[in-house]
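Below: one structure, written as structure tokens.
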Amino acid sequence: MSMLKPRTPAGTMELLPLDQIAFQDMLDTIRRNYERFGFLPVETPVFELTDVLLTKSGGETERQVYFVQSTGSLKQGDAPELALRFDLTVPLARYVAEHEHLLSFPFRRYQMQRVYRGESAQRGRFREFYQCDIDIIGKDELSIRYDAEVVAVIASVFRELAVGPFTIQLNNRKLMRGFFERAGVVDGEQQMLVLREVDKLDKRGADYVRRTLTGEGFGLPAERVDEILAFVALRSNSHSEALEMLAGIGGGNAQLDAGIAELTEVLNLVKGFGVPEASYALNFSIARGLDYYTGTVYETILTDHPQIGSVCSGGRYDNLASHYTKSRLPGVGISIGATRLYYQLREAGLIGTAESTVTVLVTQMDAALMPTYLDIATQLRNAGINTELVLDSGKLGKQLKYASKAGIRFAVIVGENEVAKSVVMVKDLSKEEQFEVPRSELIKALRVEIEQAEALGELKRRGGKADRPS
């Protein structure tokens, strides 16, 4: 019988255990911060009914969808009724519309699940990946204050991820469309097309955008394009400068005035939320490519690693579930593409391999002492210390080598001499040090060592330095 070559499907991320722990730590940090701001967890099925998921047919999204079909349906030639979700926004819209009368508004949800897209197979592009979303949904209306709170959530997440300085870049679609109208781009559809091109400014440069807007298909006058490019090139470097930029735009139409007023209020509230000035700025080229954004938009950039691109984005929308309900459900939300973020951070050296979730290995020196080893392991586990027990006999050196390779920090060693003296030997495999401790004090001693190791690890992760605790 020929052997199949084991291989993972293209566009998926499969990690070794210690890397998986590092990825899980990142997810836990994101979840912890979402919950800290009062967001509640939601999960939706991995697949949705096709007619619910694909509310717009024939677009780019449908060309990337994975359809789901049973073998029975395939044999009968039936069209697929189910498709894998390609984001978490459409499932949220369906969820809110379906459970509207059971939810409390404003509805604050977080959702951290895998999504699926038929991306071209290439390095750093994923077909299966985690998204970590929050959204605040209102009934009939939603205060602009929530737009500012979202900035505070983003800042809290990335501060705790400790991946270096970051900037949450803000803009407003009303401001942009109002400015275009004042500049002579009046047609609504053309405004949306211009917005999409402007959104490419930081990625492709001003010359590309200029050629596109003056070229065939747009044909905007060169002086009008220069005016637009000069405006969207504006960036703020401080809170006061951001307010001055907005005040200097001037009015001209209702959309422009509304956008200026909303961004001004958001900026002042962001400062009130305690977000450091260095962590947010105006960027008038940020538009977000999706058409459903109607107000504030966000993109987050790691200051020292701009090549990674946006690591968290989102914005305000007027009506989340218009395809599924007559109720008006405005909202604001953001998404972190966790799989891509982890991959990029690891490539940039900002995330390393984690330590094992197992803290202690109780070794086996003598099979006759197995009741003692079982008792020690049980006591450690009951004390909340993750413990593995060696159940197969073998040389101690081999057991310690296994612990080191598996990322286990401490080994407990007990032989006849230790039993006779009612002590245990604890070996710190990271420091290559060992010490003897009375068996009755093992839990206390290990907790001290674990706390010190965790404190030093946190300092190291955040780039700090400290002397070894005495």
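The values are calculated or read from the model by the stated rules, or taken from the named source; none is laboratory data. Predicted model, so just to flag it, every value in this text is computed and none were measured. As a convention, Cβ positions derive from the backbone with ideal geometry for all residues, glycine included, and neighbour counts pool all protein chains shown.
Descriptive notes on the structure:
- Leu220 among the hydrophobic types (A, V, I, L, M, F, W, C) and assigned to a helix (DSSP H, G or I): no
- Selection status of Gly259, more than 16 Å from the chain's Cα centre (by Cα) and either buried (at least 22 other Cβ atoms within 10 Å of the Cβ) or modelled with pLDDT under 95 (or both): yes
- Residue among Val297, Val332 that alone is out of contact with any Cys (no Cβ under 6 Å at 6 or more places or on another chain) and closer than 17 Å to Phe166 by Cβ: Val297
- Residue-level analysis places Ala83 outside the set of residues that are over 30 Å from Leu267 (Cβ atoms), in contact (Cβ under 8 Å) with a residue 60 or more places away in the chain, crowded, with 18+ Cβ neighbours inside 10 Å and aliphatic (A, V, I, L, M).
- Residue in the range 346-355 that is more than 29 Å from Ile137 (Cα to Cα), over 20 Å from the mean Cα position of the chain (by Cα) and outside the structural domain of Glu197 (by TED's automatic domain parsing) present: yes
- Test: Arg31 is charged (D, E, K, R), under 19 Å from Gln131 (Cα atoms), exposed (fewer than 14 other Cβ atoms within 10 Å of the Cβ) and out of contact with any Gly (no Cβ under 7 Å at 6 or more places or on another chain): no
- Close pairs from the range 433-456: first assigned by TED's automatic domain parsing to the domain that holds Ala377, partner assigned to a helix (DSSP H, G or I) and among the polar types (S, T, N, Q), Cβ under 7 Å, at least 6 apart: Ile443/Gln379
- Among the residues making up the range 65-80, those that are aliphatic (A, V, I, L, M) and either surrounded by 10 or more Cβ atoms within 10 Å (Cβ to Cβ) or under 15 Å from Pro45 (Cβ atoms) (or both) are Val65, Val68, Leu74.
- All conditions but one from (1) among the hydroxyl-bearing types (Ser, Thr, Tyr); (2) in the same structural domain as Ser236 (by TED's automatic domain parsing); (3) modelled with pLDDT of 90 or more apply to Tyr317; the one that does not is (2).
- A Cβ distance below 9 Å, combined with a sequence gap of six or more or placement on separate chains, defines the contacts here; from the range 62-79, residues that are under 22 Å from Glu128 (Cβ atoms) and in contact (Cβ under 8 Å) with a residue 12 or more places away in the chain reach residues that are part of a helix (DSSP H, G or I) and not acidic (Asp, Glu) in the pairs Val65/Thr50; Val65/Leu53; Phe67/Thr50; Val68/Thr50.
- Residue within the range 163-173 that is assigned to a helix (DSSP H, G or I) and crowded, with 17+ Cβ neighbours inside 10 Å present: yes
Rundown of residues vs (1) in contact (Cβ under 8 Å) with a residue 40 or more places away in the chain; (2) outside any helix (DSSP H, G or I); (3) polar (S, T, N, Q), yes/no style:
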| position | (1), (2), (3) |
| --- | --- |
| Leu341 | yes, no, no |
| Ala354 | yes, yes, no |
| Leu369 | yes, no, no |
| Gly394 | no, yes, no |
| Ser404 | no, no, yes |
| Ile408 | yes, yes, no |
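- Single residue of the range 375-421 satisfying the filter (out of contact with any Lys or Arg (no Cβ under 7 Å at 6 or more places or on another chain) and of a type in the set (Ser, Thr, Tyr)) that is nearest to Lys431 (Cα to Cα): Ser404
- When the range 64-98 is filtered for residues that are at pLDDT 85 or above and assigned to a helix (DSSP H, G or I), the ones remaining, listed by number, are Thr71, Thr89, Val90, Pro91, Leu92, Ala93, Arg94, Tyr95, Val96, Ala97, Glu98.
- The range 103-133, residues that are among the hydrophobic types (A, V, I, L, M, F, W, C) and in a strand (DSSP E or B): Phe107, Met112, Val115, Phe129, Cys132
- Residues in the range 114-143 that are surrounded by fewer than 17 Cβ atoms within 10 Å (Cβ to Cβ), out of contact with any strand residue (DSSP E or B) (no Cβ under 6 Å at 6 or more places or on another chain) and in contact (Cβ under 8 Å) with a residue 60 or more places away in the chain: 7 in all.
- Subset of the range 253-302 (residues that are in contact with an Asp or Glu (Cβ under 8 Å, 6 or more places away or on another chain) and among the charged types (D, E, K, R)): Glu262, Lys271, Arg288
- Where Tyr146 falls short, out of the listed (1) modelled with pLDDT of 95 or more; (2) out of contact with any strand residue (DSSP E or B) (no Cβ under 7 Å at 6 or more places or on another chain): (2)
- Conditions (1) closer than 30 Å to Phe37 by Cα; (2) touching a strand residue (DSSP E or B) at 6+ places or on another chain (Cβ under 8 Å): number failed by Glu277: (2)
- Unmet requirement for Ala206, which otherwise passes all of (1) under 17 Å from the mean Cα position of the chain (by Cα); (2) small (Gly, Ala, Ser); (3) within 16 Å of Asn283 (Cβ to Cβ): (1)
- Arg159 being under 17 Å from Met26 (Cβ atoms), in contact with an Asp or Glu (Cβ under 7 Å, 6 or more places away or on another chain) and of a type in the set (Lys, Arg): no
- Test: residue in the range 219-230 that is surrounded by fewer than 19 Cβ atoms within 10 Å (Cβ to Cβ), within 33 Å of the chain's Cα centre (by Cα), under 24 Å from Leu170 (Cβ atoms) and modelled with pLDDT of 85 or more: yes
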